[in-house]
Each structure stands twice: as structure tokens, then as C-alpha cells.
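Asker: One structure coming up, written as C-alpha cells, with questions to follow.
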Amino acid sequence: MSQIIDVAHLNYRYPQQSADDLTLKDISFSVADGEWVAIVGHNGSGKSTLAKNINGLLAPVSGTVTVDGQVLTEKTVWDIRKKIGMVFQNPDNQFVGATVEDDVAFSLENQGVPRDEMLTRVHDALAQVNMDQFATREPARLSGGQKQRVALAGMIAARPRILILDEATSMLDPQGRYDVLKTIQQMKAQSDLTVLSITHDIDEAASANRVLVVNDGRLVEEGKPAEIFKHGPALIKMGLDMPYAERLKAALKRQGVQVPTDYLTEKGMADWLWQLSSNK
Amino acid sequence: MAIEFKQVDFTYQPGTPFETKALTDINLTIPDGSYTALIGHTGSGKSTLLQHLDALLKPTSGTVTIGDRVITPTTSNKDLKSLRQHVGIVFQFPESQLFEETVAKDIAFGPQNFGASEADALKTAAKMLTLVGLDANLLGRSPFDLSGGQMRRVAIAGVLAMQPKVLVLDEPTAGLDPQGRLEMMEMFAKLRHEQNLTVVLVTHQMDDVANYADHVIVMDQGRVVKTGAPREIFKDPQWLVDHQLGLPKTTAFAQQLMAKGLTFDPMPLTEDELAADLVQQLPASAFGGAQANDD
């Protein structure tokens with residue numbers, strides 16, 4: 001697989017920061033075309049700053065970002081942004097349309113998509129996030145979770161090569177979160193979509209092919225989800241929830257039970273408990 | 001302070017093309033001193049109901065009784081000040097409401113609005129900042145120089161500064177990392193006891209409902225479909241699925257174990273409850289020594 005995003009020795013500081021202080025410190029990684037990468041880290045670790053450097057909302061102090069073979073510069077930023085769809089945590093910050101369907105259509109209008117096709121794509125996208133019955137409502141009057149669905153529908157309709165989700169499921173209920181993850185999996189199956197998801201949600205991180213851990217502006221670890229989840233209680237410090245099996249392990253340990261040290265999925269944990277109890 | 005809804009209907013923008021019925025025939029009681037969780041699918045009407053708790057919205061029909069105040073469709077918007085002082089609402093992303101030059105002034109804004117002198121209000125501000133777990137040296141800082149989690153705590157301090165009897169929290173931990181979420185939920189539990197508050201929590205986190213609430217109201221499509229203690233609400237998993245709600249992680253996991261033949265009665269709601277139940281069903285070899293099959 002070829003690389004669609006390449007970040008090399010990226011340093012970033014906000015204008016109000018002093019010269020010896022950096023929010024992102026020497027970050028390098030690449031993402032393969034079609035890969036799903038989760039970026040985790042606690043609040044303030046620099047995750048969102050990193051995302052904004054990738055689509056050129058912020059410009060680094062030094063280092064380069066290459067997207068689909070193009071180095072990100074003032075000249076290429078518009079080309080690159082066409083390839084990237086971004087959904088933020090608080091979608092109020094990104095609504096432009098007077099109605100839900102206008103909002104979803106916005107980027108298609110910008111791309112000059114013919115009206116007939118636009119109508120179909122907008123309708124399909126809203127149906128996929130289960131918001132089609134809200135097409136003519138005002139985005140501002142929707143609930144937090146509904147707004148996140150509409151923002152996501154905008155991305156589904158626009159069909160970007162790369163989707164960046166910045167805590168995009170944080171306001172959804174568990175079912176909504178599950179639906180969004182399933183929708184993204186469908187989008188990936190239909191095209192070679194690359195996903196970068198910034199998240200605290202363990203299920204979202206588990207859906208990724210690879211997890212990057214950012215702490216204090218540095219990339220401190222990367223691995224497959226199961227490798228990262230082995231850390232147990234230390235995951236909380238990395239800004240992730242503990243997987244349920246790890247939480248239960250900790251509770252059992254407090255009761256004096258000897259628990260396995262390897263990472264177990266929920267199913268693995270259930271099997272282990274069942275085997276153990278059948279010995280009684 | 002108890003709150004009671006009787007036959008409340010609410011319609012947004014009635015008589016316009018945007019007319020939307022958001023609440024239908026709501027009858028409920030939020031008991032005085034309770035920790036009430038308000039749950040429901042996105043768009044079920046939770047946030048609309050919440051805005052009735054301090055008469056930001058008035059019912060289209062029916063009555064809302066807040067303490068000894070009765071709000072009807074015709075209640076005047078004047079003279080609601082004392083009511084709003086008693087019911088403090090922390091909205092979603094409350095940090096977006098910060099506006100003052102300093103943290104101290106921002107927290108002091110509410111009390112001054114309710115007639116406190118500047119000096120008194122600033123004194124209250126200092127107290128409230130400690131209450132929400134922030135250091136007093138932040139008082140002189142601009143709220144906009146703080147981290148997201150700190151900003152949210154300042155906003156909450158601003159609500160607490162009015163010394164409400166009811167604290168309403170609309171998804172107060174959204175966007176915080178797991179460590180921040182845990183700290184914030186523990187803070188509310190502590191505040192409830194120290195300040196004798198009635199707490200109303202709007203949330204999607206069933207684990208928070210299981211861990212903190214003692215009373216639950218479930219909404220679906222603008223109606224109240226169930227009320228009761230968390231254990232009653234969570235004892236019928238299929239019903240929750242039908243209403244697009246989840247189970248606490250522990251209860252869901254206990255169900256997996258039941259499918260394998262383990263038994264739980266009542267269903268555990270937290271991992272400590274489950275661990276305690278499991279201990280009864282595990283052989284002695286599970287404790288200490290090597291993990292062996294020699295039982």
C-alpha cells in the first residue's frame with residue numbers, strides 16, 4: 001500500500017507560546033492509503049493541533065506534511081483540503097447551511113457537482129446517518145448528537161479521500177456511536193477511504209488498524225490496538241478509557257483473584273471466567 | 001428542592017413552517033435531594049425538558065412546579081430571577097459561555113447579577129474556584145488561557161456561585177478525556193453531599209447512571225417512557241435496546257456470562273458488584289498461588 005499521509009519532524013508552536021515551548025515536538029509518522037489510524041492522548045496532549053497541521057489550518061514551525069504526494073504549502077493547501085474531510089467535536093463550529101440538507105450540500109456545491117447528483121448524494125448521506133427525516137430542519141435547533149450526525153453526513157456526501165474525525169462521536173449515545181463506526185466501515189468498504197480518528201473512545205480506537213499515542217506533544221507509542229490495550233490502568237493516563245475486560249480484571253484483583261496479565265478481549269475474558277467457574 | 005411536571009406539552013415555533021412538537025404529556029417528579037439521571041436517544045427531548053427546569057422554556061400546555069413556584073404557559077418572564085438563582089444549569093460545552101477578563105470576574109458575574117456587592121461576589125468566586133478543584137492562583141488569569149477542562153470547571157464554578165439548590169448538568173463530561181471525566185463526576189458527587197444539592201444529570205453514559213444516580217427518567221420521542229431506580233431500569237435489556245439505549249458495561253458483560261451458564265441475581269451494575277458476585281462462583285484455586293486446574 002502506498003502512503004497517503006506522511007508527517008516528518010513536525011514542530012508546532014502557537015503564536016502566544018514562548019520560543020522554547022512547543023505544542024508538537026518532532027512528530028513523524030505515515031499513514032497508508034486505506035488505513036484507519038486512531039490518535040489517542042489526554043486533553044491538551046496536542047492531538048487536535050496535529051490534525052489541524054495535516055489539513056493546513058495551522059502551519060508548522062518546521063517539518064513537512066505530505067498528503068497524497070503533495071507537500072503541504074500555501075500553494076497546495078487548497079488542493080489538499082479537497083481531499084480531506086474533517087468532523088469536529090462541536091459541529092456548531094462548522095455549520096453553514098440554513099437547513100440540514102443545505103449544510104450537507106455545501107461542499108458539493110463548492111465542487112460543482114450537478115444538481116441531480118447532489119440531491120441524491122445529500123439524501124443518501126442523511127439516510128446513512130439516520131437523519132433523513134430532519135432534512136429541512138435548522139442545524140442550530142438539533143441536539144448535540146444529531147449535529148454530529150449531520151456533520152458526518154456532510155463528509156459522506158463529499159466523499160473525501162481522507163476523513164479526519166476529531167472526537168466526532170463524543171456527543172453520541174452508545175447506539176449512535178456504534179452506527180457512526182459502522183457507517184465509516186461501510187464508507188471504507190465502498191472506496192479506499194483513509195481514516196484518522198482522534199478519540200478517547202476505546203471502541204473507536206479498537207476499530208483502527210493502528211493506534212498512535214500522543215503525550216505532551218510527542219508521539220510516544222504506536223501499535224495495533226491489542227498491543228496498546230495491554231497497558232491496563234496506564235491507558236487512562238494515555239487519554240483512553242480502559243477496555244472493559246481490563247476494568248473487570250482490576251476489580252477482581254481487588255477481590256484477591258489471580259488474573260491473566262495478557263490483554264484479553266471481552267470475549268476472551270468471558271471465556272476465561274467461564275472456564276475458571278466450571279472448575280468449581 | 002423538588003420539581004414536578006404535570007401534563008406538559010412543548011412545541012417549538014408553533015404556527016410556523018418550523019413547528020416541531022418536542023414534548024408530549026410529560027408527568028414526572030424529580031425528588032428533593034435526589035441524583036436524577038435523564039436518559040434517552042439523541043433528539044428524545046432531554047435538552048428541551050431540561051430548559052423547563054428553570055423556566056428558560058415555558059410549557060405550551062401543562063404546569064411545571066419548581067419548589068413552590070408554578071410555571072404555566074402564561075407565566076410572565078418577569079420575576080423569574082429568584083427561580084433561576086435556585087436552579088443552576090450547566091449547559092453542554094459551558095466553557096463557551098465564559099466572557100470576562102479574569103476567572104474571578106467571570107465567576108463573580110452571576111452573584112453580582114443577583115444583587116451581591118462586587119467585594120462579596122469576588123469572595124464567593126475565590127471559594128467556588130477551590131470547590132471545583134482549581135488553584136486560587138488562577139483567579140487573576142484570563143479564562144481563555146486555560147485548558148478546556150479548566151475552562152469547564154470555571155464555568156461550573158460560575159453556576160455554583162449562585163448557590164443553587166438544584167444543579168442541572170447537560171452531558172457535563174462530553175469532550176473530556178477519561179481521567180477528566182472521572183474527576184468531574186467525582187466532583188459532582190462530592191458537591192452534592194457538601195452543598196445538599198438536588199442533581200439532574202443528562203447523559204448517554206450508562207456507567208455514570210449506574211455509578212452515581214439513584215433515580216432515572218427515560219425519554220423517547222418527547223415522552224417519558226419509564227422512571228425508577230437504576231436497577232429497575234437496567235433489569236430489562238431488551239426494553240433498553242428497543243429504546244436505543246445501552247446497558248452499563250458491567251450489565252452487558254454479565255449477560256454474556258449468563259449465556260454461558262453463570263447466574264446473577266440481581267444483575268450487577270458496576271464492575272465491583274460483578275467482581276463480588278463472581279468471587280462466589282470461582283474455585284479456591286483462582287485466589288493466590290499458581291493458576292491451576294487442581295481444584
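Read the figures in this text as sums done on the coordinates, not as results from a lab. Predicted model, so just to flag it, every value in this text is computed and none were measured. For neighbour counting, all protein chains shown are included, and Cβ atoms are generated from backbone atoms with ideal geometry for every residue, glycine included.
Asker: More than 34 Å apart: what percent of Cα pairs in the protein assembly as shown qualify?
Answerer: Working: 76307 of 165025 pairs.
So the pairs more than 34 Å apart make up 46 percent of the total in the protein assembly as shown.
Asker: For the protein assembly as shown, build the charge dipole from Cβ charges (+1 Lys, Arg; -1 Asp, Glu) around the Cα centre, then report which of B:Ala121, B:Leu134, B:Phe10 sits farthest towards its positive end.
Answerer: B:Ala121
Asker: Something else: Pull up the cross-link candidates among the lysines for B:Lys123, meaning alpha carbon to alpha carbon under 26 Å and not fewer than 8 places away within one chain.
Answerer: Filter leaves B:Lys81, B:Lys105, B:Lys165, B:Lys190.
Asker: Out of the DSSP beta bridges found with both residues in segment B:143-241, what percent are antiparallel (nearest 5)? Don't skip to the answer; put the middle values down first.
Answerer: Values: 5 of 10 bridges.
If we restrict to bridges inside segment B:143-241, about 50 percent are antiparallel.
Asker: Can you work out the Karplus-derived ³J(HN,Hα) for every residue in segment B:179-195? Use 6.51 cos²θ - 1.76 cosθ + 1.60 with θ = phi - 60°, whole Hz, and x for glycine or proline.
Answerer: 4, x, 4, 4, 4, 5, 5, 5, 4, 5, 4, 5, 4, 4, 6, 5, 9
Asker: Here is a further query. What translational diffusion coefficient, in µm²/s and rounded to a whole number, does the Stokes-Einstein relation yield for chain B at 20 °C and a viscosity of 1.002 mPa s, taking the hydrodynamic radius as the Kirkwood radius over Cα pairs?
Answerer: Working: Rh = 21.0 Å.
Answer, rounded: 102 µm²/s.
Asker: Straight-line reach only, C-alpha to C-alpha below 21 angstrom: list the lysines that A:Lys267 could link to, leaving out same-chain residues fewer than 8 apart.
Answerer: Filter leaves A:Lys182, A:Lys224, A:Lys230, A:Lys249, A:Lys253, A:Lys280, B:Lys249, B:Lys260.
Asker: Please give me, ordered by residue number, the trypsin sites (Lys or Arg not before Pro) of segment B:42-95 that lie in loop per DSSP and have at most 16 other Cβ atoms within 10 Å. Don't skip to the end; give the middle numbers.
Answerer: Working: sites: B:Lys46, B:Arg69, B:Lys78, B:Lys81, B:Arg84; in loops: B:Lys78.
Listed in order of number, the matching sites are B:Lys78.
Asker: Enumerate lysine pairs in segment A:1-146 that are 8 or more residues apart or on different chains, then count those whose Cα atoms are under 16 Å apart. Could you put the intermediate results ahead of the total?
Answerer: Values: A:Lys25/A:Lys47; A:Lys25/A:Lys52; A:Lys52/A:Lys82; A:Lys52/A:Lys83; A:Lys75/A:Lys83.
Lysine pair count for segment A:1-146: 5.
Asker: Be a star and scan segment A:55-78 for residues whose amide nitrogen sits under 16 Å from the point 7 Å along the Cα-to-Cβ vector of A:Asp192.
Answerer: So the set is A:67-70.
Asker: Moving on. If R0 is 22 Å, what FRET efficiency do you get for A:Asn279 and A:Lys253 from their C-beta distance, rounded to 0.05? Mind showing how you got there, number by number?
Answerer: On the way: r = 19 Å, r/R0 = 0.87.
Efficiency, rounded to the nearest 0.05: 0.70.
Asker: What are the ³J(HN,Hα) couplings of segment A:201-211, residue after residue, when phi is run through the Karplus curve with 6.51, -1.76, 1.60 and θ = phi - 60°? Round to Hz, x for glycine and proline.
Answerer: Working through the residues one at a time gives 8, 5, 5, 5, 5, 5, 6, 6, 6, 8, 10 Hz.
Asker: Which value, in debye to the nearest 20, gives the size of the charge dipole of the protein assembly as shown about its Cα centre, when Lys and Arg are +1 and Asp and Glu are -1 at the Cβ?
Answerer: Working: 54 positive and 72 negative charges, 93 e Å.
Rounded to the nearest 20 debye, it is 440 debye.
Asker: How much net charge surrounds A:Leu57 when only the other residues with a Cβ under 12 Å from the Cβ of A:Leu57 are counted, with Lys and Arg +1 and Asp and Glu -1? Could you put the intermediate results ahead of the total?
Answerer: On the way: positive: A:Lys52, A:Arg81; negative: A:Asp166.
With Lys, Arg at +1 and Asp, Glu at -1, the net is +1.
Asker: For chain A, build the charge dipole from Cβ charges (+1 Lys, Arg; -1 Asp, Glu) around the Cα centre, then report which of A:Val87, A:Ser197, A:Ile156 sits farthest towards its positive end.
Answerer: The one lying farthest along the dipole's positive direction is A:Ser197.
Asker: Tell me the net charge near A:Val40. Cut-off is 12 Å between Cβ atoms, A:Val40 excluded, with +1 for each Lys or Arg and -1 for each Asp or Glu. Working shown, then result.
Answerer: Values: positive: A:Lys47, A:Arg210, A:Lys237; negative: A:Glu167, A:Asp201, A:Glu204, A:Glu221, A:Glu222, A:Asp241, B:Asp177.
Within the 12 Å Cβ shell, the charges total -4.
Asker: Loop-only check: which trypsin sites (Lys or Arg not before Pro) in segment A:25-117 are DSSP coil with at most 10 other Cβ within 10 angstrom?
Answerer: Details: sites: A:Lys25, A:Lys47, A:Lys52, A:Lys75, A:Arg81, A:Lys82, A:Lys83, A:Arg115; in loops: A:Lys75.
Qualifying residues, ordered by number: A:Lys75.
Asker: Based on DSSP H runs of at least 4 residues, each adding -39500 (n - 2.57), what is the mean residue ellipticity at 222 nm of chain B after dividing by all its residues, to the nearest 500 deg cm²/dmol? Spell out each step's value before the answer.
Answerer: Details: 11 runs with 106 residues, N = 295.
Rounded to the nearest 500, it is -10500 deg cm²/dmol.
Asker: If amide H atoms are built 1.01 Å from N in the plane of the peptide, which residues on other chains or at least 5 residues away come under 5 Å of the amide H of A:Glu35?
Answerer: Hits under the 5 Å cutoff: A:Val195.
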